[in-house]
Amino acid sequence: MTFVGLDWFPLWLSLRVAALSTVLAFAGGLWIAYLLANRQFRGKDVLDAAVTLPLVLPPTVLGYYLLVLLGRSSPLGKLWEAVFGSPLVFTWKAAVVAALLHALPLLVKSARAALESVDRNYERAARNLGASEWKLFWRVTLPLAWRSIFAATALAFARALGDFGVTLMVAGNIPGRTQTVAVAIYDAVESGNGAVARTLVLVVSALALVLLTLANRLSPSRV
């Protein structure tokens, strides 16, 4: 889709990639956050560190790991190609995996803090009334923490929307196929197309501002 000479495909692809990666991060991250907040088990600190690792490692390192894990010669890459009939790397689905690496740690850390802030007296009362752990989580814990968790989800979406380094390594820069908005901005700057770069930068900045405002509104107010 183009408008006044601007191809909007990178933006729509980035929105799709960010949405899918955020859904995956929410599904897996909420479970991990619950384990870290409510369970004691061997290797808990290692799991916490492993989840946080993508936040501190350079994008090139993360991209290399993904290329090794998901490349056509790797077991996972071969399994994916056998099931779906095409390789995973250098596709928009690889961009989802790349964005997930940055969305998941942010969501887990924030969701864990939200779950740990829940008043345990409510949970103890529910247990005394015979509530199972599953029912306790959905009926007591989650309703008390939902504002902070959804604020974290908005932040995770914003982070996934702007991923660049890992996406470039595992998904590439194929216009009309794998070029996300962050990669398109880089490409526009490199080719001297300042008008396209400025337009995309302003659009992404506006989206990020809206998401951050939403996250602030969802976060519980502290007096």
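The values are calculated or read from the model by the stated rules, or taken from the named source; none is laboratory data. Note that the structure is a prediction, hence the values are computed from the model and not measured. Don't worry about glycine lacking a Cβ; one is built from the backbone with ideal geometry, like all the others, and counts go over all protein chains shown.
For TYR186, only one of the following conditions fails: (1) more than 15 Å from LEU106 (Cα to Cα); (2) touching a residue at least 40 places away in the same chain (Cβ under 8 Å); (3) not aliphatic (A, V, I, L, M). What is its number?
Here TYR186 meets the rest and fails (2).
With farther than 20 Å from THR180 by Cβ, polar (S, T, N, Q) and surrounded by fewer than 18 Cβ atoms within 10 Å (Cβ to Cβ) as the only criterion, which of THR52, THR60 stands out?
THR52
How many residues are in contact with a helix residue (DSSP H, G or I) (Cβ under 6 Å, 6 or more places away or on another chain) and charged (D, E, K, R) if we restrict to the stretch 146-188?
3
Sort through LEU88, LEU67 and tell me the only one that's within 25 Å of GLN179 (Cβ to Cβ), modelled with pLDDT of 90 or more, not β-branched (Val, Ile, Thr) and not in a helix (DSSP H, G or I).
Answer to the selection: LEU88.
Looking for whichever is at pLDDT 90 or above, under 19 Å from the mean Cα position of the chain (by Cα) and over 30 Å from ALA188 (Cα atoms) here; the options are ALA99, ALA27, ALA95. Which one fits?
Answer to the selection: ALA27.
Does the stretch 109-164 hold any residues that are of a type in the set (Asp, Glu) and within 25 Å of the chain's Cα centre (by Cα), and which are they?
GLU116, ASP163
Which ranges mark the helices (runs of 4 or more DSSP H) fully within the stretch 93-192 that have 1 or more residues being touching a Leu at 6+ places or on another chain (Cβ under 8 Å) and surrounded by 16 or more Cβ atoms within 10 Å (Cβ to Cβ)?
Because the criterion is at least 1 residues that are touching a Leu at 6+ places or on another chain (Cβ under 8 Å) and surrounded by 16 or more Cβ atoms within 10 Å (Cβ to Cβ), the helices (runs of 4 or more DSSP H) in the stretch 93-192 that meet it are 120-128, 142-161, 165-170, 181-190.
Tell me whether the stretch 40-53 contains one or more residues that are over 28 Å from PHE164 (Cα atoms) and touching a Ser or Thr at 6+ places or on another chain (Cβ under 6 Å).
For the stretch 40-53, residues over 28 Å from PHE164 (Cα atoms) and touching a Ser or Thr at 6+ places or on another chain (Cβ under 6 Å): absent.
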